[in-house]
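A short write-up of the structure that comes next.
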Amino acid sequence: MKNTVFLNSEKINFDNKIDFSKLSEFTKVTLYNSSTEDEILKRVENQNIVVTKELPLNGNLISKFPPSVELICEAGTGYNNIDTKTAGEKNIMVCNVPGYSTDAVAQLAITFILNLCSSLVLQQVMLNEKDFDNFTRDLQVSHSEIKGKILGVIGAGAIGQRVIKTALNLGMKVLVYNRSLKPIANVKFVTLEELLGNSDFVTIHCPLTENTKYLIDKDKLKLMKSSSFIINTARGPIINEKDLIEALHNKTIAGAALDVQEHEPFDLNNPLFSMRNVILTPHIGCKCIETRQRLVELLGNNIKAFINKNPINSVNS
């Protein structure tokens, strides 16, 4: 039987509610809450399969992995934290788990849009500050219908398509910027510049790559309408955070809703935490309990397929 080690299982089991028995059906599993770089090298000894969740595995570290390691499973969709090239050079396959959080992340993106339409978070902030002007005077915040608004979607993969479907059902018009131009009903594919210039809401659903890092910078933000909002539930560095903070401060755009930041763990001194036109959540898009349990089930499928010499979801084969 193959040996599997999960180096930082608390990333998905922070509440001790996740059942890992699916993994034990195929391998002998050892779970660690977290692992330092020095601990990683000790813990992968005599292991065949290494499972991580957003844990940096650089080339220098992977180069020191023992010959027993055959597979690295990233417990998530993004795998930019793993040096896949070095893994390949050591004949270590790397696989990910696409699709496990599609519903949850799309739900969060739509939740952000609905909240921004009615300034719900800002209204609650005012109440917490004992500011009752929304009750004693005319409404002091923006409040608009979602129907007819233009949503710009950057990246039309599984999550992006789920967001598009929901937005269309809510009566929104949808513009898409995507590498592939595979037709989507009632959607217009446009350049990034056209999308930014015409959208009331821009939501990001593309992976973080060399080509998408800082895809949204000062010049791109200047293309957006002053009444528009940007939403990021993908990866923080897709937006140049320094440029975003400047745009928010100068009211180049109306606001932002961010589930990710450029640097995680988050820096609590980041100006975004004190800006009234920003909604921040702590990377919760994939943290619904149903989502995390589904992740374990799909991890089990990856491991089973690899053991049966029919690997799936390989990203460096």
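The values are calculated or read from the model by the stated rules, or taken from the named source; none is laboratory data. Here the structure is a predicted model, which is why all the values come from computation and not from measurement. Heads up, the Cβs are rebuilt from the backbone with ideal geometry, glycines too, and the neighbour counts pull from every protein chain shown. Just the protein is used for accessible areas: all its heavy atoms, side chains included, with ligands, DNA and RNA removed. Shrake-Rupley method; radii C 1.70, N 1.55, O 1.52, S 1.80 Å.
How large is the charge dipole for the chain, taken about the Cα centre, if only the Cβ atoms of Lys, Arg (+1) and Asp, Glu (-1) carry charge, to the nearest 20 debye?
840 debye
At 1.4 Å probe size, with every protein chain present, just tell me what the per residue accessible area of segment 224-317 comes to in Å².
About 47 Å² of surface per residue is accessible.
Any idea how far apart Asn46 and His263 come out in nm if each label point goes 7 Å out from Cα toward Cβ?
My value for the distance between the label points is 4.1 nm.
Straight-line reach from Lys2: which aspartates and glutamates have a Cα under 19 Å away, not including same-chain ones fewer than 8 places off?
Glu25, Glu45, Glu70, Glu74, Glu297
Run the simple label-point estimate for Asn211 and Arg179 please: 7 Å along Cα→C-beta, distance reported in nm.
In this crude label model, Asn211 to Arg179 measures out at 0.5 nm.
Using 15 Å as the cut-off for backbone N distance, which residues of segment 286-311 belong to the label zone defined by a point 7 Å from the Cα of Ile18 along Cα→Cβ?
286-303
Taking the mean number of other Cβ atoms within 10 Å as a proxy for protection, how do you rank 64-73, 174-183, 160-169 from highest to lowest?
160-169, 64-73, 174-183
How much length is gained on full extension from Asn33 to Ser68, taking 0.36 nm per residue of separation minus their Cα-Cα distance?
Separation in residues times 0.36 nm, less the Cα-Cα distance, equals 10.4 nm.
If I take every Cα pair under 8 Å that is 6 or more residues apart in the chain, average their sequence separation and divide by the length, what percent do I get for the relative contact order?
Relative contact order of the chain: 17 percent.
Just check the chain against the gyration tensor rule for me: Cα atoms, a ≥ b ≥ c as the square roots of the eigenvalues, rounded for a/c under 1.5, and otherwise prolate or oblate depending on whether a/b exceeds b/c.
prolate
Quick check: pseudo-label points 7 Å beyond the Cα along Cα→Cβ at Ile289 and Asn91, how many nm apart are they?
If labels sit at Ile289 and Asn91, their model points lie 4.4 nm apart.
Keeping the other protein chains in place, figure out the carbon and sulfur percent of the accessible area of segment 1-159, with a 1.4 Å probe.
Exposed carbon and sulfur together represent 48 percent of the surface.
Arranged from highest to lowest average of other beta-carbon atoms within 10 Å per residue, in what order do the peptides 279-289, 109-119 appear? Write out the running numbers ahead of the final one.
Numbers: 279-289: 16.9, 109-119: 20.5.
The packing order, highest mean first, is 109-119, 279-289.
If the cut-off is a Cα-Cα distance under 18 Å, which lysines reach Lys251, setting aside same-chain residues fewer than 8 apart in sequence?
Lys218, Lys220, Lys222, Lys225, Lys242
Could you name the lysines in cross-link range of Lys165, using Cα to Cα under 19 Å and dropping any fewer than eight places away on the same chain?
Straight-line reach from Lys165, under 19 Å: Lys147, Lys149, Lys173, Lys182, Lys188.
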